[in-house]
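To keep things clear, I will list the structure first and then write my remarks on it.
The values are calculated or read from the model by the stated rules, or taken from the named source; none is laboratory data. Because the structure is a prediction, the values reported are computed rather than measured. So basically every Cβ, Gly included, is an ideal-geometry build from the backbone, and we count neighbours across all protein chains shown.
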Amino acid sequence: MDKPVKLGLLGLGTVGAGVCRILQQNREVIYKRAGTPFEIAKILVRDPEKQRGIEVDPRLLTTDAADILEDPEIAVVIELMGGLEPAYQYIHTALDKGKHVVTANKAVIASHGARLIRLAASRGVDLYYEGSVAGGIPIIKPLRESLVGNRIEEIMGIVNGTTNYILTRMTQEKADFTDVLAEAQALGYAEADPAADIEGHDAAHKLVILASLAFQTPISTHEVYCEGISKITAEDIAFAEHFGYTIKLLAIAKRQPKGIEARVHPTFVPNRHPLAAVHGVFNAIFLRGDAVGELMFYGRGAGDLPTGSAVIADIVDVLRNRKRGSHHRVETLWQSIPVEAMEDVRTRYYIRLHAVDRPGVLAQVAANFGAEGVSIESMIQQGRGQDQPVPIVFITHEVEERQMRASLARIATLPSIKDIANVIRVEGGLR
Ligand code: NAP
Ligand code: HSE
């Protein structure tokens, strides 16, 4: 009988507890699949007295990371703390000391992934991060292995469970933004600082990871255009319904002739597109490869057990490799493709503005769109304002972002325009 391989867990919060629960629940089958016995030898936490709703031997808990990182008996480190620091330093130290690492930390992988992957390769150990994107959905492994015969042309994903949960509840139950955010936090979906979810940064981190793998080029988070959902109102949701769309926070990466588009923003998705039917904490990644065509990966994008499922899969991969005396080949970022400026992106737009309801106002607005080459696909004006501002909503044909910005800058100066209340991009034409 082999000696059990010792694992060290950094963090026992939502995901860490999920990992422990799955190991307790499915112990026998996981051991068999791993082909080797293993045990959690130490767990790093901040507060050992905290109630965690899970049975853990209190002797395993420590507040000193060195108990894991400096223990030569611990062969695999599982980082589930979150945040950039000290998580990055701990992962770096573990790899440097020849330990395999499994992490669900998208902030660290998006910011330092290339460096850590090189370090892992130089030490002959594995670095796996399936749980870092879209919770329980297997997507890193398919991109790294199953789809390598393809040129990936585009990825469009709902990759943040918290914002999808909020938008779904706002759409289906007319729920209030703040109440639903509190629920998402209570369910363990939100990041420690929920602004990372709401402002789109978490989705941007995940897009960096996906796009780097899909296009084999390094992309950094600051190159991703990023807009969150905090400006979405009940009015926008109602107008989306009126036009046959659903609002989703999408992470989008597309291969274009001159570079790669990489952007995260709220998006009008046509109701007939499969992404429009992804509700609640569910995530989905829709991609197009030149050989495979359209594919969609769907599942729970956050939460203890779904994310724990992805983490356990990585642990089992590490243990299988270790038993064979091998480690995973390193994905190569062998190209250097520029990321396009947002002004160069071509898409369609929803624009909601408030205008004084007087004869000639619509003609003025239309003339200013026309002057910058923006063509209108549909439009509605609601109510009669009796000299009060009324909402006017436009959906445009495809146009460059720079043209849209120029036309809106002109329109904003018209005396009859009270405000440009919201501008939301429209995506999801199926071929
Ligand atoms: P969490 O509930 O906040 O848990 C974090 C854990 O790490 C806690 O046990 C905490 O200890 C410990 N910890 C944090 N900083 C520490 C420090 N400086 N020293 C010692 N211990 C520290 O976080 P989570 O939701 O499980 O997320 C963990 C990671 O998984 C993050 O990278 C997150 O982005 C990622 N992720 C989360 C989800 C999800 O649904 N939650 C899904 C996919 C990926 P105490 O318990 O003592 O405070
Ligand atoms: N806060 C993240 C989300 C957790 O809501 O999707 C999963 O990565």
query: What pairs come up if the first residue lies in the range 167-187 and is assigned by TED's automatic domain parsing to the domain that holds GLU199 and in contact (Cβ under 8 Å) with a residue 12 or more places away in the chain, the second is hydroxyl-bearing (Ser, Thr, Tyr) and surrounded by 15 or more Cβ atoms within 10 Å (Cβ to Cβ), and their beta carbons are under 6 Å apart, counting only those six or more places apart or on different chains?
result: ALA184/THR162; ALA184/TYR165
- prompt: Is there a residue in the range 73-94 that is buried (at least 21 other Cβ atoms within 10 Å of the Cβ), more than 13 Å from ligand 1 (Cβ to nearest atom) and not hydrophobic (A, V, I, L, M, F, W, C)?
  reply: no
- line: Of VAL125, VAL159, the only residue that is touching a Gly at 6+ places or on another chain (Cβ under 9 Å), away from ligand 2 (no atom under 16 Å from the Cβ) and β-branched (Val, Ile, Thr) is VAL125
- prompt: Are any residues in the range 67-86 more than 16 Å from ligand 2 (Cβ to nearest atom) and assigned to a loop (DSSP other than H, G, I, E, B), and if so, which ones?
  reply: GLU70, ASP71, PRO72, GLU73, GLU85, PRO86
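Can you pull out the residues in the range 311-364 that are part of a helix (DSSP H, G or I), within 30 Å of PRO266 (Cβ to Cβ) and without any contact (Cβ under 8 Å) to a residue 60 or more places away in the chain? Give the steps one after another, and end with the answer.
Start the filter on the range 311-364 by keeping residues that are part of a helix (DSSP H, G or I), which leaves 311-324, 342-344, 361-364.
Keeping just the survivors that are within 30 Å of PRO266 (Cβ to Cβ) gives 311, 342-344, 361-364.
Listed by number, the residues that qualify are VAL361, LEU362, ALA363, GLN364.
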message: Residue under question is GLY131, and the condition is that it be free of Cβ contacts under 8 Å to residues at least 40 places away in the same chain, of a type in the set (Gly, Ala, Ser) and not in a strand (DSSP E or B); does it hold?
response: no
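When you check ARG52 against the structure, is it among the basic types (Lys, Arg), at pLDDT below 95 and not in a helix (DSSP H, G or I), yes or no? Before you say what the answer is, go through the steps one by one.
Working: among the basic types (Lys, Arg): yes; at pLDDT below 95: yes; not in a helix (DSSP H, G or I): yes.
In short, yes.
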- prompt: What single numbered condition from (1) away from ligand 1 (no atom under 16 Å from the Cβ); (2) of a type in the set (D, E, K, R); (3) under 17 Å from LYS106 (Cα atoms) fails to hold for GLU154?
  reply: (3)
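Could you tell me whether any residue of the range 161-184 is out of contact with any Asp or Glu (no Cβ under 6 Å at 6 or more places or on another chain) and assigned to a strand (DSSP E or B)?
Checked against the condition, which is being out of contact with any Asp or Glu (no Cβ under 6 Å at 6 or more places or on another chain) and assigned to a strand (DSSP E or B), the range 161-184 yields no hits at all.
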Single match in VAL311, VAL365, VAL278 (criterion: modelled with pLDDT of 95 or more, outside the structural domain of LEU167 (by TED's automatic domain parsing) and under 15 Å from ALA134 (Cα atoms)): VAL311
message: Return the pair list, or none, for Cβ contacts closer than 9 Å from residues in the range 35-46 that are in the same structural domain as ASP314 (by TED's automatic domain parsing) and farther than 15 Å from ARG59 by Cα to residues that are hydroxyl-bearing (Ser, Thr, Tyr) and buried (at least 22 other Cβ atoms within 10 Å of the Cβ), at least 6 apart or on different chains.
response: none
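Just to be sure I understand, how many residues within the range 95-109 are buried (at least 20 other Cβ atoms within 10 Å of the Cβ) and either more than 16 Å from ligand 2 (Cβ to nearest atom) or modelled with pLDDT under 95 (or both)?
Going through the range 95-109, the residues buried (at least 20 other Cβ atoms within 10 Å of the Cβ) turn out to be 95, 99-109.
So of that shortlist, the ones also either more than 16 Å from ligand 2 (Cβ to nearest atom) or modelled with pLDDT under 95 (or both) come out as 95, 99-101.
Of the residues in that region, 4 qualify.
Return the only residue of LEU60, LEU10 being more than 16 Å from ligand 2 (Cβ to nearest atom) and touching a residue at least 40 places away in the same chain (Cβ under 8 Å). So that I can check it myself, show each step before the final result.
On the way: LEU60 fails: touching a residue at least 40 places away in the same chain (Cβ under 8 Å).
Among LEU60, LEU10, only LEU10 is more than 16 Å from ligand 2 (Cβ to nearest atom) and touching a residue at least 40 places away in the same chain (Cβ under 8 Å).
For the structure I just gave you, tell me whether ILE219 is away from ligand 1 (no atom under 14 Å from the Cβ) and either assigned to a loop (DSSP other than H, G, I, E, B) or among the acidic types (Asp, Glu) (or both). If you could, list the steps in order and put the result at the bottom.
Numbers: away from ligand 1 (no atom under 14 Å from the Cβ): yes; either assigned to a loop (DSSP other than H, G, I, E, B) or among the acidic types (Asp, Glu) (or both): yes.
Criteria met by ILE219.
Residue-wise test of (1) more than 16 Å from the chain's Cα centre (by Cα); (2) in contact (Cβ under 8 Å) with a residue 12 or more places away in the chain; (3) in a strand (DSSP E or B).
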{"site": "SER230", "(1), (2), (3)": "yes, yes, no"}
{"site": "ALA238", "(1), (2), (3)": "yes, no, no"}
{"site": "LEU250", "(1), (2), (3)": "no, yes, yes"}
{"site": "LYS254", "(1), (2), (3)": "no, yes, yes"}
{"site": "ARG263", "(1), (2), (3)": "no, yes, yes"}
{"site": "VAL269", "(1), (2), (3)": "yes, yes, yes"}
{"site": "ILE285", "(1), (2), (3)": "no, yes, yes"}
{"site": "MET296", "(1), (2), (3)": "no, yes, yes"}
